(Lines give C-alpha, C1' and ligand atoms only; values in the text may rest on other atoms or scores of the structure.)
Protein backbone atom coordinates (compact mmCIF):
# COMPACT_ATOMS: atom_id res chain seq x y z
CA UNK A 1 0.00 0.00 0.00
CA UNK A 2 2.84 2.39 0.84
CA UNK A 3 4.40 2.38 -2.67
CA UNK A 4 0.95 2.85 -4.22
CA UNK A 5 0.27 5.91 -2.07
CA UNK A 6 3.74 7.29 -2.77
CA UNK A 7 3.17 6.91 -6.50
CA UNK A 8 -0.23 8.61 -6.27
CA UNK A 9 1.31 11.49 -4.32
CA UNK A 10 4.13 11.85 -6.85
CA UNK A 11 1.60 12.04 -9.67
CA UNK A 12 -0.50 14.62 -7.84
CA UNK A 13 -3.44 12.27 -7.44
CA UNK A 14 -6.13 12.65 -4.81
CA UNK A 15 -6.51 9.52 -2.70
CA UNK A 16 -9.80 8.65 -1.01
CA UNK A 17 -10.33 5.75 1.39
CA UNK A 18 -14.03 5.06 1.85
CA UNK A 19 -15.84 2.44 3.90
CA UNK A 20 -19.40 1.46 3.08
CA UNK A 21 -20.48 1.12 6.71
CA UNK A 22 -19.25 0.76 10.27
CA UNK A 23 -19.65 -2.43 12.29
CA UNK A 24 -21.18 -2.22 15.76
CA UNK A 25 -21.31 -4.86 18.48
CA UNK A 26 -24.45 -7.04 18.58
CA UNK A 27 -25.55 -9.95 20.74
CA UNK A 28 -29.22 -10.57 19.93
CA UNK A 29 -30.40 -12.31 16.74
CA UNK A 30 -34.03 -11.54 15.88
CA UNK A 31 -35.95 -14.31 14.09
CA UNK A 32 -38.41 -12.08 12.27
CA UNK A 33 -39.60 -14.71 9.78
CA UNK A 34 -40.26 -17.20 12.55
CA UNK A 35 -42.51 -14.63 14.21
CA UNK A 36 -44.44 -14.22 10.95
CA UNK A 37 -44.71 -17.97 10.56
CA UNK A 38 -46.00 -18.52 14.08
CA UNK A 39 -48.67 -15.92 13.32
CA UNK A 40 -49.77 -17.93 10.28
CA UNK A 41 -48.57 -15.31 7.79
CA UNK A 42 -45.54 -17.10 6.33
CA UNK A 43 -45.93 -20.34 4.40
CA UNK A 44 -43.42 -23.04 3.48
CA UNK A 45 -43.43 -26.08 1.24
CA UNK A 46 -41.68 -29.31 2.18
CA UNK A 47 -39.36 -31.34 -0.02
CA UNK A 48 -37.43 -34.40 1.19
CA UNK A 49 -38.23 -33.41 4.76
CA UNK A 50 -36.78 -29.93 4.33
CA UNK A 51 -38.77 -26.70 4.45
CA UNK A 52 -38.50 -23.96 1.84
CA UNK A 53 -40.03 -20.51 2.00
CA UNK A 54 -43.05 -20.11 -0.28
CA UNK A 55 -43.23 -16.36 -1.00
CA UNK A 56 -46.18 -16.70 -3.36
CA UNK A 57 -48.34 -18.45 -0.79
CA UNK A 58 -47.19 -16.31 2.15
CA UNK A 59 -49.29 -13.40 3.31
CA UNK A 60 -46.10 -11.80 4.66
CA UNK A 61 -42.39 -12.61 4.77
CA UNK A 62 -39.21 -10.69 5.51
CA UNK A 63 -35.97 -10.34 3.57
CA UNK A 64 -33.36 -9.76 6.26
CA UNK A 65 -30.31 -7.59 5.71
CA UNK A 66 -28.26 -7.22 8.89
CA UNK A 67 -30.10 -4.66 11.06
CA UNK A 68 -32.84 -3.97 8.51
CA UNK A 69 -35.51 -6.27 7.14
CA UNK A 70 -37.92 -5.55 4.32
CA UNK A 71 -41.29 -7.06 5.18
CA UNK A 72 -43.34 -7.84 2.09
CA UNK A 73 -47.09 -8.02 2.70
CA UNK A 74 -49.16 -9.47 -0.13
CA UNK A 75 -52.44 -7.71 0.60
CA UNK A 76 -53.15 -4.39 2.25
CA UNK A 77 -55.69 -6.07 4.53
CA UNK A 78 -52.85 -8.14 6.04
CA UNK A 79 -50.84 -5.12 7.16
CA UNK A 80 -52.56 -4.95 10.55
CA UNK A 81 -52.01 -8.67 11.20
CA UNK A 82 -48.36 -8.33 10.19
CA UNK A 83 -47.87 -5.41 12.53
CA UNK A 84 -49.54 -7.34 15.33
CA UNK A 85 -47.28 -10.35 14.72
CA UNK A 86 -44.16 -8.21 15.05
CA UNK A 87 -45.36 -5.91 17.81
CA UNK A 88 -43.21 -6.40 20.88
CA UNK A 89 -40.75 -8.72 19.12
CA UNK A 90 -37.57 -8.55 21.25
CA UNK A 91 -34.83 -6.70 19.38
CA UNK A 92 -37.18 -4.86 17.01
CA UNK A 93 -36.84 -1.10 17.46
CA UNK A 94 -39.06 0.31 14.69
CA UNK A 95 -41.44 -0.85 12.00
CA UNK A 96 -41.53 1.78 9.27
CA UNK A 97 -44.70 2.31 7.25
CA UNK A 98 -45.01 4.45 4.11
CA UNK A 99 -44.39 7.69 6.00
CA UNK A 100 -41.51 6.21 7.97
CA UNK A 101 -39.88 4.84 4.83
CA UNK A 102 -40.19 8.22 3.14
CA UNK A 103 -38.61 9.97 6.12
CA UNK A 104 -35.62 7.63 5.92
CA UNK A 105 -35.28 7.68 2.13
CA UNK A 106 -36.44 4.07 1.83
CA UNK A 107 -39.63 4.67 -0.16
CA UNK A 108 -38.47 2.69 -3.19
CA UNK A 109 -40.94 0.71 -5.35
CA UNK A 110 -39.11 -2.51 -4.44
CA UNK A 111 -39.01 -1.82 -0.71
CA UNK A 112 -41.13 -3.92 1.59
CA UNK A 113 -44.53 -2.65 2.61
CA UNK A 114 -42.94 -2.38 6.04
CA UNK A 115 -39.27 -1.99 6.96
CA UNK A 116 -38.09 -3.34 10.29
CA UNK A 117 -35.19 -1.68 12.11
CA UNK A 118 -33.34 -3.58 14.82
CA UNK A 119 -32.29 -2.24 18.19
CA UNK A 120 -28.59 -1.25 18.45
CA UNK A 121 -27.46 -4.61 19.85
CA UNK A 122 -29.70 -6.76 17.63
CA UNK A 123 -29.82 -8.01 14.04
CA UNK A 124 -32.26 -9.96 11.86
CA UNK A 125 -31.83 -13.58 10.81
CA UNK A 126 -33.52 -14.96 7.71
CA UNK A 127 -34.47 -18.22 9.47
CA UNK A 128 -38.07 -19.35 8.95
CA UNK A 129 -37.99 -23.04 9.98
CA UNK A 130 -39.03 -23.86 13.53
CA UNK A 131 -36.87 -26.97 14.00
CA UNK A 132 -33.31 -27.36 12.76
CA UNK A 133 -33.97 -30.85 11.42
CA UNK A 134 -36.36 -29.18 8.95
CA UNK A 135 -33.84 -26.59 7.74
CA UNK A 136 -33.39 -26.42 3.94
CA UNK A 137 -30.31 -27.92 2.30
CA UNK A 138 -28.80 -24.49 1.60
CA UNK A 139 -28.92 -23.38 5.25
CA UNK A 140 -25.53 -24.97 6.00
CA UNK A 141 -23.98 -23.67 2.78
CA UNK A 142 -22.59 -20.36 1.58
CA UNK A 143 -25.52 -19.78 -0.76
CA UNK A 144 -26.47 -16.12 -1.01
CA UNK A 145 -28.83 -16.58 -3.94
CA UNK A 146 -31.23 -19.03 -2.29
CA UNK A 147 -31.35 -17.59 1.20
CA UNK A 148 -34.09 -14.96 1.69
CA UNK A 149 -31.70 -12.54 3.31
CA UNK A 150 -28.07 -12.15 4.26
CA UNK A 151 -26.63 -14.85 6.53
CA UNK A 152 -23.58 -13.63 8.50
CA UNK A 153 -23.26 -17.12 10.01
CA UNK A 154 -21.62 -18.02 6.68
CA UNK A 155 -18.49 -16.37 8.08
CA UNK A 156 -18.13 -19.16 10.66
CA UNK A 157 -17.53 -22.89 10.83
CA UNK A 158 -20.12 -24.83 12.82
CA UNK A 159 -18.67 -24.91 16.37
CA UNK A 160 -20.77 -27.89 17.47
CA UNK A 161 -19.66 -30.17 14.63
CA UNK A 162 -16.43 -31.95 15.72
CA UNK A 163 -15.68 -32.91 12.11
CA UNK A 164 -16.35 -29.52 10.54
CA UNK A 165 -12.70 -28.84 9.67
CA UNK A 166 -12.35 -32.29 8.13
CA UNK A 167 -15.48 -31.63 6.06
CA UNK A 168 -14.12 -28.26 4.94
CA UNK A 169 -10.72 -29.72 4.01
CA UNK A 170 -12.36 -32.58 2.10
CA UNK A 171 -14.58 -30.17 0.18
CA UNK A 172 -11.59 -27.98 -0.72
CA UNK A 173 -9.63 -31.02 -1.88
CA UNK A 174 -12.52 -32.08 -4.13
CA UNK A 175 -12.68 -28.55 -5.52
CA UNK A 176 -8.97 -28.54 -6.34
CA UNK A 177 -9.37 -31.89 -8.09
CA UNK A 178 -12.15 -30.48 -10.23
CA UNK A 179 -14.78 -32.64 -8.56
CA UNK A 180 -18.17 -31.64 -7.29
CA UNK A 181 -18.13 -30.59 -3.67
CA UNK A 182 -20.51 -29.39 -0.98
CA UNK A 183 -19.18 -27.03 1.70
CA UNK A 184 -21.86 -27.79 4.32
CA UNK A 185 -20.09 -26.23 7.30
CA UNK A 186 -22.22 -23.18 8.20
CA UNK A 187 -23.77 -23.23 11.70
CA UNK A 188 -27.52 -22.93 12.23
CA UNK A 189 -26.84 -21.21 15.55
CA UNK A 190 -26.49 -17.43 14.98
CA UNK A 191 -24.81 -16.76 18.33
CA UNK A 192 -21.23 -16.53 16.93
CA UNK A 193 -22.22 -13.30 15.14
CA UNK A 194 -20.92 -10.38 17.19
CA UNK A 195 -21.02 -7.47 14.75
CA UNK A 196 -23.57 -5.97 12.38
CA UNK A 197 -24.67 -2.78 10.67
CA UNK A 198 -27.63 -1.26 8.86
CA UNK A 199 -29.44 1.01 11.31
CA UNK A 200 -28.25 4.59 11.58
CA UNK A 201 -25.42 4.56 14.13
CA UNK A 202 -25.96 6.29 17.44
CA UNK A 203 -22.42 7.73 17.33
CA UNK A 204 -20.44 9.17 14.43
CA UNK A 205 -17.47 6.96 15.30
CA UNK A 206 -19.64 3.89 14.61
CA UNK A 207 -20.48 5.05 11.09
CA UNK A 208 -18.63 4.71 7.79
CA UNK A 209 -15.34 6.54 7.27
CA UNK A 210 -14.12 8.77 4.46
CA UNK A 211 -10.44 9.76 4.48
CA UNK A 212 -9.04 12.09 1.83
CA UNK A 213 -5.48 13.16 1.04
CA UNK A 214 -6.90 16.65 0.52
CA UNK A 215 -8.87 17.19 3.75
CA UNK A 216 -9.63 20.80 2.85
CA UNK A 217 -11.89 19.55 0.05
CA UNK A 218 -14.11 17.45 2.33
CA UNK A 219 -16.70 19.57 4.16
CA UNK A 220 -16.71 17.70 7.46
CA UNK A 221 -19.63 15.30 7.77
CA UNK A 222 -20.73 13.93 4.38
CA UNK A 223 -24.14 12.38 3.73
CA UNK A 224 -24.03 9.00 2.02
CA UNK A 225 -26.10 10.42 -0.83
CA UNK A 226 -23.45 13.11 -1.41
CA UNK A 227 -20.46 10.77 -1.72
CA UNK A 228 -20.88 10.22 -5.46
CA UNK A 229 -20.88 13.93 -6.29
CA UNK A 230 -17.90 14.47 -3.96
CA UNK A 231 -15.85 11.78 -5.72
CA UNK A 232 -16.76 13.15 -9.15
CA UNK A 233 -15.70 16.62 -8.04
CA UNK A 234 -12.38 15.37 -6.65
CA UNK A 235 -11.76 13.53 -9.92
CA UNK A 236 -12.59 16.64 -11.94
CA UNK A 237 -15.53 14.93 -13.60
CA UNK A 238 -18.36 17.08 -12.30
CA UNK A 239 -18.11 19.62 -15.11
CA UNK A 240 -16.87 22.43 -12.88
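The values are calculated or read from the model by the stated rules, or taken from the named source; none is laboratory data. Because the structure is predicted, anything quoted here is derived from the model rather than measured. In this analysis, Cβ positions are derived from the backbone assuming ideal geometry, glycine residues included, and neighbour counts consider all displayed protein chains.
Quick notes
- Meets criteria (assigned to a loop (DSSP other than H, G, I, E, B), loosely packed, with under 11 Cβ neighbours inside 10 Å and in contact with a helix residue (DSSP H, G or I) (Cβ under 8 Å, 6 or more places away or on another chain)) for residue 146: no
- Residue satisfying all of: in segment 109-120; out of contact with any helix residue (DSSP H, G or I) (no Cβ under 8 Å at 6 or more places or on another chain) and in a loop (DSSP other than H, G, I, E, B); surrounded by the fewest Cβ atoms within 10 Å (Cβ to Cβ) among these: 109
- When residues in segment 77-99 are screened for being touching a residue at least 24 places away in the same chain (Cβ under 8 Å) and outside any loop (DSSP other than H, G, I, E, B), 11 of them pass.
- Filtering 187, 208, 219 for residues that are more than 28 Å from residue 34 (Cβ to Cβ), in a loop (DSSP other than H, G, I, E, B) and at pLDDT 90 or above leaves a single hit, 208.
- Given (1) touching a residue at least 40 places away in the same chain (Cβ under 8 Å); (2) outside the structural domain of residue 188 (by TED's automatic domain parsing); (3) part of a loop (DSSP other than H, G, I, E, B), number of the condition residue 12 does not satisfy: (1)
- From the list 86, 79, the one residue that fits, being assigned by TED's automatic domain parsing to the domain that holds residue 34, over 18 Å from residue 148 (Cβ atoms) and surrounded by 15 or more Cβ atoms within 10 Å (Cβ to Cβ), is 79.
- When residues in segment 129-143 are screened for being crowded, with 17+ Cβ neighbours inside 10 Å, touching a helix residue (DSSP H, G or I) at 6+ places or on another chain (Cβ under 9 Å) and assigned to a helix (DSSP H, G or I), 1 of them pass.
- Residue within segment 219-233 that is farther than 30 Å from residue 116 by Cβ, touching a helix residue (DSSP H, G or I) at 6+ places or on another chain (Cβ under 7 Å) and surrounded by 10 or more Cβ atoms within 10 Å (Cβ to Cβ) present: no
- Test result for residue 39, in contact (Cβ under 8 Å) with a residue 12 or more places away in the chain, on the phi < 0 side of the Ramachandran plot and surrounded by fewer than 16 Cβ atoms within 10 Å (Cβ to Cβ): yes
- Unmet criterion (only one of (1) in contact (Cβ under 8 Å) with a residue 40 or more places away in the chain; (2) crowded, with 16+ Cβ neighbours inside 10 Å; (3) closer than 19 Å to residue 136 by Cα) for residue 151: (1)
- Any chance residue 163 is out of contact with any strand residue (DSSP E or B) (no Cβ under 8 Å at 6 or more places or on another chain) and loosely packed, with under 14 Cβ neighbours inside 10 Å: yes
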